[in-house]
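To start, the structure under review is shown below, and the notes come after it.
Laboratory data are not the source of any read-out in this text; all were calculated from the coordinates shown. Note that the structure is a prediction, hence the values are computed from the model and not measured. Backbone-built Cβ (ideal geometry, glycine too); neighbour counts: all protein chains shown.
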Amino acid sequence: MAFIKASNVDLAIPILGKTDRLFHTSNYSDSLVGSEKKIEDKTVSSYILSNINFEFNDGDKVGLIGHNGSGKTSLLRLINKIYHPTKGELSLEGSMASLMDIGLMLSPECSGYENIKILCLHFGFKVKDSNIIEKVTEFSGLGEFLNLPVKNYSSGMQARLVFSISSMIRKEILLMDEGIYTGDYSFKTKAGEILNSLLGSAKIIIFASHDLEFIKNQCNKLILLKKGKMSFYEDVPKGIEFYQSPQYLEDN
């Protein structure tokens, strides 16, 4: 059994340097993005996430939507334990894989082949006991580029490499950002089959995306973020409808 539960979770990050402008920005209150700023013990903190509450169990496929800067990536990083709650409690049970932050997952000075080995170890694969390198090489279609340092890759090539490795993953909890799902048409066609396989094998999936049609078709729950605050919907179409409404733009 897998589960993820957040109870009254805040994530605050101290802001260093000159901060007086933060409280005198005329259009801040009208913005869809950003986060609440507070002064606590003479320290200015940005509340990236505020009062986050949810509970997910086996079978939950959760769509995570919101404008850029609304807190989607921060929430994924919090669940992945890259960040730790400033307040509240986050608990989970189950093996987990995170497919996000492509640039952070790759070592730019290492070749594609070396990165395959590094990521295989990261995801718990035994490289010597399988033909995983051959499978990833074939799936990625990167060919001789795998001999070059990853710093010379385009963002699409980096995504190909990471997604090709992710095609081998079978974990109970899967965190995904749509940045992983990119590339040209032919690669997306192959990647779509793998994505469907991943969605079918994981017990809990949280997928951050701007593709509302994908969310509507694949997810049974929805988290809508705005300025670090969340609304939760078990009726996914209803949540998407609110996201696209003038009311969402007006609510603070």
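Structure notes:
- Here's how it looks for TYR83: its modeled amide H is under 5 Å from those of LEU78, which are all 5 or more places away or on a different chain.
- Remark: for residue pairs LYS61/LYS203; LYS42/LYS226; LYS61/LYS238; LYS81/LYS227; LYS5/LYS38, the C-alpha separation exceeds 18 Å in LYS42/LYS226; LYS81/LYS227; LYS5/LYS38.
- Among the trypsin sites (Lys or Arg not before Pro) within the stretch 116-163, those in coil by DSSP and having at most 14 neighbouring Cβ atoms inside 10 Å are LYS126.
- A simple rule links phi to the HN-Hα coupling: the Karplus curve 6.51 cos²θ - 1.76 cosθ + 1.60 with θ = phi - 60°, which for the stretch 205-219 gives 10, 10, 10, 8, 7, 9, 7, 5, 5, 4, 4, 5, 7, 10, 10 Hz, with x for Gly and Pro.
- Backbone phi angles across the stretch 48-63, fed through the Karplus curve with coefficients 6.51, -1.76 and 1.60 (θ = phi - 60°), yield HN-Hα couplings of 5, 9, 9, 6, 8, 9, 6, 9, 10, 10, 3, x, 7, 10, 9, x Hz in residue order; Gly and Pro are listed as x.
- Summing charges over neighbours of GLY124, with a neighbour being any other residue whose Cβ is under 11 Å away from its Cβ, gives +3 when K and R count +1 and D and E count -1.
- Were the residues from SER155 through ILE118 laid out at 0.36 nm apart, the gain over their Cα-Cα distance would be 11.4 nm.
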